[in-house]
Amino acid sequence: MAVRIPPRVEAMDPYVPQPDTFRVKLDANESFVRLPLGLRLRLAFKTLSLPYNRYPDPDAVALCGRAASCFGVEPACVVAGNGSDELLGVAFSAFADPGDGVLVFEPDFSMYRFYAHLYGLTLVNSPRMEDGLPDFEAAKARIAQGDIRIAVFSNPCNPTGSGAEEAVVEEFIRFCEKHGVLVILDEVYMDFFRRPLLGRIREHENLCVLKSTSKAMGLAGLRVGFVVAREELIRLFKTVKSPFNCNSFSQMAAAEMLAYPGYRDRALGRILKQTDRLRQILAEFCARTEGLAVLDGSQTNFVLAEGEKAAQLHRRLLDKSIAVRKVGPTRLRITAGSPRDHRILEKALEDILKEGW
Ligand SMILES: *Cc1c(COP(=O)(O)O)cnc(C)c1O
């Protein structure tokens, strides 16, 4: 007898990543910064003595300790995941029952939808405003109806690029607290915006902050992310997550990265500088053509361009082996790359103008 597949799973499509064969990859918001040679040598050396035959530390104590001191919180307030991605799934399974409402503000990070769907939760979409920020007043009215268990959003937001000020977000968190709603505040891009509420976890019984080493910190290949929250909440994450979710190599490497003097600040500085450079390249291109404009106000490591020619430019860049991300029918999301990446992009844009489009 053929196995029965639950309809909600049957309805899902597999995630299709862009193939990894592009000359320039500006589509996944990764860091272009290579780890310093000193750090890579250190990882290579420490790799020699890893206990490969033993299971990893289930609590990732050394890693979470380092992360806690970087974030300025107690070690008991941090849990590590196989990417922050995994911890979203853990949160959705630990804090809601099938059928419960999860409030999102589309467009937002696609994994919220993915995990909500997988765990049979009901997605409730609340609007954003003109400037791309969540309409918190509308969200409050929706939450007051009583069926929402979790509210999740990224700040700054991928893919709108917009960042909300602390006071506004905190007021929303407080409202949710009164209504027994867990807030998963995704601060994966907060290194680029610096208005974190991560330091405020003690003040809120319902706040989980998501952090990742995949973006500003340049470890997307290792899959290490964190939830930062009050100890009671973290205990629940540790109860529900798979025990050996973070492998020994990633634990060691992420801890070394966090402790490596000056690395994070220098990498961040370089990314911010190249984000400005990218904005300038795209603005110059848009000034010389119709049907595309750079959107202001991205507080992240990507730049958005919008207009009827977005899809066309997407295809033309792909043809030239430059991967960027199309978000919606009229928008492109382009991640800051290295100076080399930007030289290739600039040349490609120049050629596209010459070839005509
Ligand atoms: C990339 C991203 C993440 C996930 O990062 P991990 O690599 O799983 O740690 C989470 N939220 C947003 C908004 C992202 O863009």
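Taking region 314-339, which residues are open to solvent by 40 Å² or more (accessible area, probe 1.4 Å), closer than 17 Å to Thr21 by Cβ and assigned to a strand (DSSP E or B)? So that I can check it myself, show each step before the final result.
First pass over region 314-339, keeping only residues open to solvent by 40 Å² or more (accessible area, probe 1.4 Å): 315-316, 318-320, 325-326, 328-331, 339.
Retained after the next criterion (residues that are closer than 17 Å to Thr21 by Cβ): 315, 318-320, 325.
Once the filter is applied, which keeps residues that are open to solvent by 40 Å² or more (accessible area, probe 1.4 Å), closer than 17 Å to Thr21 by Cβ and assigned to a strand (DSSP E or B), region 314-339 yields only Arg325.
Looking at Glu205 and the list (1) within 16 Å of the ligand (Cβ to nearest atom); (2) under 14 Å from Arg230 (Cα atoms); (3) in a loop (DSSP other than H, G, I, E, B), which single condition is not satisfied?
Here Glu205 meets the rest and fails (1).
Among the numbered criteria (1) within 14 Å of the ligand (Cβ to nearest atom); (2) open to solvent by 70 Å² or more (accessible area, probe 1.4 Å); (3) among the hydroxyl-bearing types (Ser, Thr, Tyr), which one does Tyr55 miss?
(1)
Of (1) surrounded by 13 or more Cβ atoms within 10 Å (Cβ to Cβ); (2) away from the ligand (no atom under 16 Å from the Cβ); (3) in the same structural domain as Glu232 (by TED's automatic domain parsing), Cys64 satisfies all except one. Which?
(2)
Output the residues belonging to region 168-202 that are of a type in the set (A, V, I, L, M, F, W, C) and within 16 Å of the ligand (Cβ to nearest atom).
Just the residues of region 168-202 that are of a type in the set (A, V, I, L, M, F, W, C), to begin with: 168-169, 172-173, 175-176, 181-185, 188, 190, 192-193, 197-198, 201.
Scanning region 168-202 gives Val169, Val183, Ile184, Leu185, Val188, Met190, Phe192, Phe193, Leu197, Leu198.
Under 7 Å by Cβ, and 6 or more places apart or on different chains, what pairs join a residue from region 11-37 that is in contact (Cβ under 8 Å) with a residue 40 or more places away in the chain with one that is loosely packed, with under 15 Cβ neighbours inside 10 Å and not in a loop (DSSP other than H, G, I, E, B)?
none
Looking only at region 110-118, decide whether some residue is farther than 17 Å from Arg235 by Cα, within 16 Å of the ligand (Cβ to nearest atom) and not in a helix (DSSP H, G or I). Spell out how you get there, then give the answer.
Residues of region 110-118 farther than 17 Å from Arg235 by Cα: 110-118.
Narrowing further to those that are within 16 Å of the ligand (Cβ to nearest atom): 110-116, 118.
Filter once more, keeping what is not in a helix (DSSP H, G or I): none.
So far as region 110-118 goes, no, none of its residues is farther than 17 Å from Arg235 by Cα, within 16 Å of the ligand (Cβ to nearest atom) and not in a helix (DSSP H, G or I).
Against the definition (assigned to a helix (DSSP H, G or I), within 16 Å of the ligand (Cβ to nearest atom) and among the aliphatic types (A, V, I, L, M)), how does Ala254 come out, yes or no? Walk me through it before giving the result.
On the way: assigned to a helix (DSSP H, G or I): yes; within 16 Å of the ligand (Cβ to nearest atom): yes; among the aliphatic types (A, V, I, L, M): yes.
It is true that Ala254 is assigned to a helix (DSSP H, G or I), within 16 Å of the ligand (Cβ to nearest atom) and among the aliphatic types (A, V, I, L, M).
Conditions tested, residue by residue: (1) over 26 Å from Ala336 (Cβ atoms); (2) of a type in the set (A, V, I, L, M, F, W, C); (3) not assigned by TED's automatic domain parsing to the domain that holds Asn29.
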site: His204; (1), (2), (3): yes, no, yes
site: Cys208; (1), (2), (3): yes, yes, yes
site: Thr213; (1), (2), (3): no, no, yes
site: Met217; (1), (2), (3): no, yes, yes
site: Ser250; (1), (2), (3): no, no, yes
site: Lys273; (1), (2), (3): no, no, no
site: Ala283; (1), (2), (3): no, yes, no
site: Thr289; (1), (2), (3): no, no, no
site: Val294; (1), (2), (3): no, yes, no
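Among the listed residues Ser212, Ser248, Ser242, identify the single one that is within 16 Å of the chain's Cα centre (by Cα) and among the polar types (S, T, N, Q).
None of the others qualify; the one that does is Ser212.
For region 115-148, name all the residues that are touching a residue at least 24 places away in the same chain (Cβ under 8 Å) and open to solvent by 60 Å² or more (accessible area, probe 1.4 Å).
Residues satisfying the conditions are His117, Tyr119, Thr122, Asp131, Ala144, Asp147.
State whether the residues of region 174-188 include one that is part of a strand (DSSP E or B), within 30 Å of Asp27 (Cα to Cα) and not hydrophobic (A, V, I, L, M, F, W, C). Can you show your working first?
Within region 174-188, the first condition is being part of a strand (DSSP E or B), and the residues that meet it are 182-186.
Next cut, within 30 Å of Asp27 (Cα to Cα) only: 183-186.
Of the ones still in play, those that are also not hydrophobic (A, V, I, L, M, F, W, C) are 186.
The answer is yes; a qualifying residue exists.
Being touching a residue at least 40 places away in the same chain (Cβ under 8 Å), assigned by TED's automatic domain parsing to the domain that holds Gly225 and either within 16 Å of the ligand (Cβ to nearest atom) or open to solvent by 20 Å² or more (accessible area, probe 1.4 Å) (or both) is the requirement here; does Leu87 meet it? Spell out the reasoning first.
Values: touching a residue at least 40 places away in the same chain (Cβ under 8 Å): yes; assigned by TED's automatic domain parsing to the domain that holds Gly225: yes; either within 16 Å of the ligand (Cβ to nearest atom) or open to solvent by 20 Å² or more (accessible area, probe 1.4 Å) (or both): yes.
The answer is yes for Leu87.
Restricting region 211-232 to residues that are touching a strand residue (DSSP E or B) at 6+ places or on another chain (Cβ under 7 Å) and closer than 15 Å to Ala68 by Cβ, which is nearest to the ligand (Cβ to nearest atom)?
Among those residues, the one meeting the criterion is Gly225.
Considering only region 90-101, how many residues are more than 21 Å from Arg223 (Cβ to Cβ) and open to solvent by 10 Å² or more (accessible area, probe 1.4 Å)?
6
Could you please find all residues in region 286-304 being closer than 18 Å to Gly328 by Cα and surrounded by 15 or more Cβ atoms within 10 Å (Cβ to Cβ)?
Selection gives Leu292, Ala293, Val294, Leu295, Ser298, Phe302, Val303, Leu304.
Got at least one residue in region 177-190 being in contact (Cβ under 8 Å) with a residue 40 or more places away in the chain and open to solvent by 20 Å² or more (accessible area, probe 1.4 Å)? Spell out the reasoning first.
In the first step, residues of region 177-190 are kept if they are in contact (Cβ under 8 Å) with a residue 40 or more places away in the chain; the result is 181-182, 184, 186, 188-189.
In the following step, the residues that additionally are open to solvent by 20 Å² or more (accessible area, probe 1.4 Å) were identified as none.
No, region 177-190 contains no residue that is in contact (Cβ under 8 Å) with a residue 40 or more places away in the chain and open to solvent by 20 Å² or more (accessible area, probe 1.4 Å).
The values are calculated or read from the model by the stated rules, or taken from the named source; none is laboratory data. This structure is a prediction, so every number in the text was calculated from the model and none was measured. Positions of Cβ are generated from backbone atoms using ideal geometry, with glycine treated the same way; all protein chains shown enter the neighbour counts. Protein only, heavy atoms only, side chains kept; ligands, DNA and RNA dropped before computing areas. Shrake-Rupley method; radii C 1.70, N 1.55, O 1.52, S 1.80 Å.
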